[in-house]
Amino acid sequence: MSQVITLGEAMIRLAPPHYRRLEQTDTLDVEIGGAELNTAVGLVRLGRSASWVSRLTSNALGRVLANRAREAGVDTDDILWTDQDRVGVYFVEFGAAPRPSSIIYDRANSAMAMLQPGMLDWKKIFAGASWLYVTGITAALSPSSSEATLEALRAAKEAGLTTCLDPNYRAKLWSVDEAAEWLNQAIKYIDVLITNPEDINRFFHIPNADNEKAMAAAVEKFKLKAIAMTLRQVHSVWKNGWTAIAYEKGKLFTTQNYEVEIVDRLGAGDAFASGLIHGLIDGDLQKGLDYGGALSALKHTIPGDLPWVTKDEVEGLLKGGGLRISR
């Protein structure tokens, strides 16, 4: 049994190498990724046990996703397999200033989008677990997956789990109004919210001019145990500043700022969630903020969505590790 349960879709990721456009490439690099699976992998890399719950089509592509999850140490026993529907795919074009990176989704009517309330046995899945992590992406896939995600959150609260939500807004999946409507239903079942200054305003209508006041207002309004914000400074497509702050019981927590040279920024926010939950399992928000910041900074430097980082590397960075070659 796992400490942390994550619920969501993973997809096959296809990307042209060497900054090529999709129109000009004749090869594609294959990776896998999905926010909740990425977070589960990050938790396992930090020494926690995590389970990824999803609905997958029983074909070679579905098996690729499950096999990669198991390879990373994530429990996949509660995946719901189906002979129907399809596995989602997405394409990434990596840009360089002034051309941003971009994503094209091919995930309509995927197996996970067709998830219905009642399909998953949450009482069984939550047995022995202490956390549930979800994102708004799963809710954005379809009306039925939206309801199924709410069902999971309600069942988690009934089972006594701590719940964590990252809105993870995707404009190509739903509108701001649609996301806000769902998020304001979901927040009733949330203990820990991961957000950013823009989202706290556009989804929850909390003024964001002062981050500490905004987080304090959210904690009070939604009776949260804790809230964390990631803060990104975009110097160029491939060089960013990255840090995070958090708020709990009237106290602001901060961590160091990282100047990251980006190899692949996809999955960095999910890595932050892994580190945050890792610390909070120990009842230590500062630890969660520190591990989340360091793990996500390191994830920026690794190709693919999954955080192939060790706990020793995270702790080395927290101790001020340098850039000399490790021999």
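Within the set of other residues whose C-beta is less than 9 Å from the C-beta of Gly241, count the net charge using Lys and Arg as +1 and Asp and Glu as -1. Walk me through the intermediate numbers first.
Values: positive: Arg232, Lys239; negative: Glu259.
So the surrounding residues net to +1.
Around Gly95, which amide H atoms from residues at least 5 apart in sequence, or from another chain, sit under 5 Å from its own amide H, with H modelled in the peptide plane?
Residues meeting the criterion, in which the H sits 1.01 Å from N, are Ser101, Ser102.
Give me Thr82, Thr57 ranked fewest to most by other Cβ atoms within 10 Å of their Cβ, as a rough exposure proxy. Let's see the in-between values first.
Working: Thr82 17, Thr57 21.
With the fewest neighbours first, Thr82, Thr57 line up as Thr82, Thr57.
Pull out the extension gain between Asp312 and Lys157, defined as 0.36 nm times the separation in residues minus the alpha carbon to alpha carbon distance; nm, one decimal. Spell out each step's value before the answer.
Working: separation 155, 0.36 × 155 = 55.80 nm, distance 3.36 nm.
Between Asp312 and Lys157, full extension yields 52.4 nm more.
Please work out the ratio of the alpha-carbon Rg of segment 157-212 to 2.2 N^0.38 Å and round it to two decimals.
This ratio for segment 157-212 stands at 1.19.
Order these by the 10 Å Cβ neighbour count, fewest first: Trp308, Trp238, Trp131. Please list the in-between numbers first.
Details: Trp308 14, Trp238 17, Trp131 23.
Least crowded to most crowded, the residues run Trp308, Trp238, Trp131.
Can you order the peptides 246-252, 68-74 by their average number of other Cβ atoms within 10 Å per residue, highest first?
Working: 246-252: 15.4, 68-74: 18.3.
Descending mean neighbour count gives 68-74, 246-252.
Out of all DSSP beta bridges with both ends in the chain, state the antiparallel percent to the nearest 5. List each step's numbers first, then the result.
Numbers: 28 of 53 bridges.
Just about 55 percent of them are antiparallel.
Which value results when the Cα radius of gyration for the chain is divided by 2.2 N^0.38 Å?
Values: Rg = 18.7 Å, N = 327, 2.2 N^0.38 = 19.9 Å.
Normalised by 2.2 N^0.38 Å, the Cα Rg of the chain equals 0.94.
In terms of modelled amide H atoms, which long-range or inter-chain residues lie less than 5 Å from the amide H of Leu80?
Hits under the 5 Å cutoff: Ser54, Arg55, Leu56.
Binning every alpha carbon pair distance of segment 244-325 at 5 Å from zero, what are the percents per bin?
3, 16, 26, 26, 16, 8, 3, 1, 0
Rg and Dmax of segment 70-137, Cα atoms, in Å?
16.6, 50
Below 8 Å between Cα atoms, with a sequence gap of 6+, how large is the relative contact order for the chain in percent?
Working: 712 pairs, mean separation 50.3, N = 327.
It rounds to 15 percent for the chain.
So how do Lys299, Lys287 line up by other beta-carbon neighbours within 10 Å, fewest first? Could you put the intermediate results ahead of the total?
Working: Lys299 31, Lys287 19.
Fewest to most other Cβ atoms nearby, the residues stand as Lys287, Lys299.
Residues with beta-carbon under 15 Å from that of Leu298, excluding Leu298: net charge, scoring Lys, Arg +1 and Asp, Glu -1? Spell out each step's value before the answer.
Numbers: positive: Arg45, Arg265, Lys299, Lys311, Lys319; negative: Glu259, Glu261, Asp264, Asp270, Asp290, Asp305, Asp312, Glu313, Glu315.
Counting the neighbours of Leu298, the net charge comes to -4.
Once Rh is set to the Kirkwood radius over Cα pairs, what Stokes-Einstein translational diffusion coefficient, in µm²/s, holds for segment 157-295 at a temperature of 4 °C and a viscosity of 1.567 mPa s? Working shown, then result.
Details: Rh = 15.4 Å.
After rounding, the answer is 84 µm²/s.
Hey, in the GNM for the chain with a 10 angstrom Cα cutoff, which one of Met114, Met215, Met11 fluctuates hardest?
Result for the chain, Cα springs under 10 Å: Met114 fluctuates most.
What number comes out for the charge environment of Val74, summing +1 per Lys or Arg and -1 per Asp or Glu over other residues with Cβ under 14 Å away?
On the way: positive: Arg45, Arg48, Arg68, Arg70; negative: Glu36, Glu71, Asp75, Asp77, Asp78, Asp270, Asp305.
Around Val74, the charge tally is -3.
May I have the convex hull volume per residue, in Å³, for the Cα set of segment 55-175? Working shown, then result.
Details: hull volume 16.2 nm³, N = 121.
Taking only Cα atoms, segment 55-175 has a hull volume of 134 Å³ per residue.
At 0.36 nm per residue, minus the direct Cα-Cα distance, what do Lys213 and Glu178 gain on full extension? Give it in nm, one decimal, please.
Value of the extension gain: 10.0 nm.
Looking at this model, which pairs from Lys251/Lys299; Lys124/Lys225; Lys225/Lys287; Lys221/Lys251; Lys225/Lys319 are more than 20 angstrom apart at the alpha-carbon? Intermediate results must be reported in sequence, preceding the final value.
Values: Lys251/Lys299 28 Å; Lys124/Lys225 26 Å; Lys225/Lys287 16 Å; Lys221/Lys251 16 Å; Lys225/Lys319 28 Å.
Over 20 Å Cα-Cα: Lys251/Lys299; Lys124/Lys225; Lys225/Lys319.
Every number here is computed from the coordinates shown, using simple stated rules; none is lab data. If you're wondering where the values come from, they're calculated on a predicted model, not measured in any experiment. Quick reminder, even Gly has a Cβ in these numbers, built from the backbone with ideal geometry, and neighbours come from all protein chains shown.
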